[in-house]
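**Q** Here it is, the structure in full.
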Amino acid sequence: MNDTTLAVGLCLASAVAYAAGAVAQERLARAAVARTAGALMGSGAWWWSAGLNAAAALLHAAALRYGPLTLVQPLGALTLVAAVPLGARRSGRRVVATEWRGTLATVAGLGLLLLPASGPAPDDTLTLIEALAVSGATMAVIMMLTADKDPRSGLRHATASGLASAAASALTQTVAVAAGRGGALLSVRVVSVALLVMVFAVGGMLLSQRAYRGGLGAPLAVVNLANPLAAAVIGMVLLGERLQGGLAGVLLAATGALLAARGVVLLTRTPSAPAGPGAGAVTSAVAGAELPVPVGRVAV
């Protein structure tokens, strides 16, 4: 099994775990499980969703050891593809035709994207200065996106979550490649970058939880668009990653991106799930709660 095949397999497993976690988070948000961040973290169901996200993150980190950011991050859109049938099943409804068309378009688009993105296993890593620069720039953008306390700012929080996840992935790759080389895992650079990974990973999860107040489809779609775009910029600017095949590869990737984007748009038209017994007159779990967002206030 070559590195690309292994990276894709790990990405698929990660996408399923992320999808299950996202569905669980969205149901908690819609069912008014908690009114405050403390109560939310006191929920066993929320910790179950956090565990799924943690497992998905570990699989994603392993994928980044064997595949470049330009390959691994676009595959994150498969989270949305997996979340659609999982969400429909949990809501007791059938997947509609629009959702199936969106799924097919997304998968086909990702297939086109994978051809020019399938480069060699990553070798370059971020220096400590580059890691701090990426972190600082990401934190600044996230703070701008989350400064408005408008309860309808779900898509802005979803964008912030996608950016946090992209930064976490770029930083994770540095740790994963360093580990694979058998280097000094307790060096200042590796330890510092690992701490930043934890900050962005946890912050991204809390940002997505807040974004799911209005439903799953559109916020999850935005997360899965913002994530690979930001990661691709980091990979190409700082890690020397390039699309394969020259101009033909760029055109192929552009076609795949447009097709995948069309699929994602179709998948956002997911029927609203019922909030659950007794929740009809109650707002979502985080709609009325000002959840602390570590990415915006403290960690970032």
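**Q** Taking R0 as 35 Å, what's the FRET efficiency between T98 and A137 from their Cβ-Cβ distance, rounded to 0.05?
**A** The calculated FRET efficiency here is 0.45.
**Q** In addition: Could you check the simple spin-label distance between V107 and S187, using points 7 Å along Cα→Cβ, in nm with one decimal?
**A** For the pair V107/S187, the computed spacing is 4.2 nm.
**Q** Ranked highest first by the average count of other Cβ atoms within 10 Å around their residues, in what order do 92-105, 3-16, 225-238 fall? Walk me through the intermediate numbers first.
**A** Numbers: 92-105: 15.5, 3-16: 18.9, 225-238: 21.1.
My ranking of the peptides, most packed first, is 225-238, 3-16, 92-105.
**Q** Does the stretch 51-117 come out rounded, prolate or oblate, given a ≥ b ≥ c as the square roots of the eigenvalues of its C-alpha gyration tensor, rounded meaning a/c under 1.5 and, failing that, prolate meaning a/b above b/c?
**A** Because a/c hits 1.5 or more and a/b fails to exceed b/c, the stretch 51-117 counts as oblate.
**Q** Continuing with this model, one more query. Quote to one decimal, in nm, the extra length available between R89 and V237 on full extension: 0.36 nm per residue of separation minus the C-alpha distance between them.
**A** Fully extending the segment from R89 to V237 adds 49.2 nm.
All of the numbers you see were taken from the coordinates with simple rules; none came from a lab. Bear in mind that the values here come from a model prediction, so they are computed numbers and not experimental data. Positions of Cβ are generated from backbone atoms using ideal geometry, with glycine treated the same way; all protein chains shown enter the neighbour counts.
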